[in-house]
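Heads up: the structure comes next, in structure tokens.
The values are calculated or read from the model by the stated rules, or taken from the named source; none is laboratory data. This one's a predicted model, so the numbers in the text were calculated from it and none came from an experiment. So basically every Cβ, Gly included, is an ideal-geometry build from the backbone, and we count neighbours across all protein chains shown. Note: accessible area is taken over every heavy atom of the protein model, side chains too, but ligands, DNA and RNA are not part of it. Shrake-Rupley method; radii C 1.70, N 1.55, O 1.52, S 1.80 Å.
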Amino acid sequence: MKKLLLFFLCFLGITLGAEAQNRAEILRNRILKGDTTGVLVVAHRGDWRYAPENSLQAIEHSIKVGVDVVELDLQLTKDSVLIVMHDGRLERTTSGKGLVKEHTLAEIKQLSLKNGCGIRAIGKVPTLEEALLLAKGKVLINLDKADRYFDLLMPVLEKTGTAYQIIMKGQKPAKEVIDLYGKYLDKVIYMPVVKLDKPDAKEKMKGYMKLLKPAAYELAYPSDDMIDFPLQVKKDLKGKALIWYNTLWDTLCGGHDDDKSLEDCDASFGFLIDTLGAHIIQTDRAEHLLKYLRSRGLHD
């Protein structure tokens, strides 16, 4: 009886411990530990095909369908509030006109969002704080265009308790990243972006691997005419860091993009995974990618 009780208490402790770690923490640890047992899915601009890009509705939908990372963009209002929006102008994604930086938050909150067809939709432009609170504990957030606002960003992350959920990316050399953002690198995940067709790509990779030792890299290359370098980088990073590819359009991933996946998922997503070692993929077709990965046992 005592052994049975002891077993039950141990089982309860393990269960409670697992529950104490939220999904975002689990995903963060997978990246930091270089977990290659599956592929993480990143929804570009919060899955804009389902809801207005960078909207709370898009974030909510991404979480619901099982996306691992939601990519969001940042802009700054006239009164220095960080909002979630891609463009520096209002016209394309809202009912407003003019530059974001020339409008206060109160003015921007009066506007309606537009969907992917440019039609007015339900919902308002969210602040970064609103987006973070919605995503808290549920999903990782890749903040694009955010390195311009590091000092404004960190207080919002600390206030919301979400710094551990953030992935930041940039193309600055390793030493410059350390000099500018070193005090933040133990809080957020910093991911270098390396365009493999650029003349300085090899030198940048050497600097990152020696000085920064990031948990993951975003790689890009325009066509398979230069496939040898992506293949070499895959070998160099094996066991050291995860590889992220974007399938948003062809010149980011050698032609193995979202459009290609509509004809042949193996020739697009599958190629990046099996041939180039991708374990993180950013897409404009998150549910399509999730379905493919689940069919291969590469996603829950």
- Hey, can you grab everything whose amide H is under 5 Å from the amide H of residue 253? Only 5+ residues off in sequence or another chain; H modelled, so Pro and N-termini drop out. 221
- Message: In whole Hz and in residue order, list the ³J(HN,Hα) couplings for segment 218-223 that follow from phi through the Karplus curve 6.51 cos²θ - 1.76 cosθ + 1.60, θ = phi - 60°; x for Gly and Pro.
- Response: 8, 10, 8, 8, x, 7
- Note on the structure: Residues whose built amide H sits under 5 Å from the amide H of residue 94, excluding neighbours closer than 5 in sequence, are 114
- Which residue, chosen from 42, 153, 221, occupies the Cα position most advanced towards the positive end of the dipole of the chain, where the dipole is computed from +1 (Lys, Arg) and -1 (Asp, Glu) charges on Cβ about the Cα centre? 153
- With a 1.4 Å probe and all protein chains in place, put 166, 26 in order of accessible area, largest first. 26, 166
- Item | Helix-only [θ]222 nm of the chain, DSSP H runs n ≥ 4, -39500 (n - 2.57) each, per residue, nearest 500 | -10000 deg cm²/dmol
- Task: Excluding residues on the same chain fewer than 8 positions from residue 204, give the aspartates and glutamates whose Cα lies under 19 Å from its Cα.
- Result: 147, 176, 179, 218, 228, 236
- Item | For segment 239-249, Karplus couplings with θ = phi - 60° (6.51, -1.76, 1.60), whole Hz, Gly/Pro x | x, 10, 7, 7, 10, 10, 10, 9, 10, 5, 8
- Message: Within the chain, what whole-number % of the accessible surface is contributed by carbon and sulfur, with the 1.4 Å probe and all protein chains included in the calculation?
- Response: 56
- Item | Relative packing of peptides 149-157, 53-61 - highest average C-beta neighbours within 10 Å first | 53-61, 149-157
- Over the chain, with neighbouring protein chains present, the accessible area per residue in Å² at probe 1.4 Å is 49
- Item | For segment 191-264 and segment 111-164, distance of Cα centres in Å | 26
- Task: Would you tell me the accessible area of residue 211, worked out with a 1.4 angstrom probe on the heavy atoms of the protein chains, in Å² to the nearest 10?
- Result: 90
- Which of the lysines could a cross-linker bridge to residue 202, judged by Cα under 19 Å and excluding same-chain residues fewer than eight apart? 169, 172, 175, 210, 213, 234, 235, 238, 240
- Item | Under 18 Å from residue 97, Cα to Cα: lysines that are on another chain or at least 8 residues apart | 78, 109, 114, 124
- Can you list residues whose amide H is under 5 Å from residue 104's amide H, if they're 5+ apart or on another chain and H is modeled 1.01 Å from N? 78
- Task: Determine ³J(HN,Hα), in whole Hz, for all residues of segment 65-73 in sequence, where each value follows from phi through the Karplus function 6.51 cos²θ - 1.76 cosθ + 1.60 and θ = phi - 60°; x replaces Gly and Pro.
- Result: 7, x, 4, 9, 9, 10, 8, 10, 10
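Give me the percent of DSSP beta bridges within segment 96-228 that run antiparallel, rounded to the nearest 5.
10
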